[in-house]
Amino acid sequence: MTERRRSDAKDTRAGDSGARAVIVHDLAQARAAVAAAAALGAPVLLLSPPGAAAYLGAGYFKAMAQAARAGHPGARVVAVLDCGEAPGHALAALRAGVDAVCFRGAAETAARLADIAAQSGAGFHRKPPKALDLAGVDDPAAACRAWLGGGAAASD
C-alpha cells in the first residue's frame, strides 16, 4: 500500500456529484425515488438502511436498484449499500458490482477498501450522506419529489 493512504480513506463518489440521498427499504420505495428523480431531472443516491449489507446482501440490493432503474433508463441513479463496519460485506458488494459502498469501520481498512473501490470504478463513502429516510412514510413518491426538488425533511 502506498504512503498516501495512511490512516483515513477519502470519500469517492461514483457519479453522485450533487445528488441527494434517499434511504430505501424496499423495491416500491426505490421505484418511487427513481421516478421522482427522473421527473425532476435530478440525480439520486439510493441508499440502503444502515448496515443493510448484513441482511439484504449485495446481490439483492443491486437487483433492487436495477429493477427501480428499469422504468427510467435515463435517470441518474447511484445505489449505495451501507456495509456498517463489516469489510467482508463491503468486499462482497464491490465484487457483485454495486455502484458504491458506505463503510464506517477502521480507518486503515477503509483506506484499503477505498483503493479497491476506485480500482473497480465504484464509489466509496466513509459515512452515509444526509438523506430522506422513507421508513414509515405514507406517500414515498410525494416525499421524494419534495426532497429531490430541494425541500427539507432529511435525517442525518
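Tabulated data for the structure shown
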read-out: All positions within segment 58-84 that are without any contact (Cβ under 8 Å) to a residue 24 or more places away in the chain and either acidic (Asp, Glu) or farther than 18 Å from Ala37 by Cβ (or both); value: Tyr60, Ala63
read-out: Given (1) of a type in the set (Gly, Ala, Ser); (2) in contact with a helix residue (DSSP H, G or I) (Cβ under 9 Å, 6 or more places away or on another chain); (3) farther than 16 Å from Val24 by Cβ, index of the condition Ala118 fails; value: (2)
read-out: Scan of segment 41-65 for residues that are within 13 Å of the chain's Cα centre (by Cα) and within 20 Å of Pro140 (Cα to Cα), ordered by number; value: Pro43, Val44, Leu45, Leu46, Leu47, Ser48, Pro49, Pro50, Ala52, Phe61, Met64, Ala65
read-out: Segment 126-149, residues that are surrounded by fewer than 19 Cβ atoms within 10 Å (Cβ to Cβ) and not hydrophobic (A, V, I, L, M, F, W, C); value: Arg126, Lys127, Pro129, Lys130, Gly136, Asp138, Asp139, Gly149
read-out: Filter result (in a loop (DSSP other than H, G, I, E, B) and touching a residue at least 60 places away in the same chain (Cβ under 8 Å)) within segment 33-54; value: Ala42, Pro49, Pro50
read-out: Given (1) surrounded by fewer than 17 Cβ atoms within 10 Å (Cβ to Cβ); (2) modelled with pLDDT of 95 or more; (3) more than 18 Å from Ala143 (Cβ to Cβ), number of the condition Ala93 does not satisfy; value: (1)
read-out: Selection status of Val44, buried (at least 23 other Cβ atoms within 10 Å of the Cβ), at pLDDT 55 or above, among the β-branched types (Val, Ile, Thr) and farther than 16 Å from Val98 by Cα; value: no
read-out: Pairs where the first residue, in segment 113-139, is more than 13 Å from Pro50 (Cα to Cα) and at pLDDT 95 or above and the second is surrounded by 17 or more Cβ atoms within 10 Å (Cβ to Cβ) and acidic (Asp, Glu), C-beta under 8 Å, 6+ apart; value: Ala122/Asp99; Gly123/Asp16; Gly123/Asp99
read-out: Per-region count, segment 64-90, residues under 14 Å from Leu113 (Cβ atoms) and either touching a helix residue (DSSP H, G or I) at 6+ places or on another chain (Cβ under 8 Å) or crowded, with 21+ Cβ neighbours inside 10 Å (or both); value: 9
read-out: Test: residue in segment 99-112 that is touching a helix residue (DSSP H, G or I) at 6+ places or on another chain (Cβ under 9 Å) and on the phi > 0 side of the Ramachandran plot; value: no
read-out: Residues of segment 1-41 classified as modelled with pLDDT under 95 and touching a Gly at 6+ places or on another chain (Cβ under 7 Å), total; value: 4
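Matching residues to (1) aliphatic (A, V, I, L, M); (2) farther than 16 Å from Asp26 by Cβ:
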site	(1), (2)
Gly71	no, no
Leu113	yes, yes
Leu134	yes, no
Ala146	yes, yes
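The values are calculated or read from the model by the stated rules, or taken from the named source; none is laboratory data. The structure presented is a predicted model; accordingly, all values stated were derived computationally and were not measured. Cβ sites come from the backbone with ideal geometry, for glycine too, and all protein chains shown count toward neighbours.
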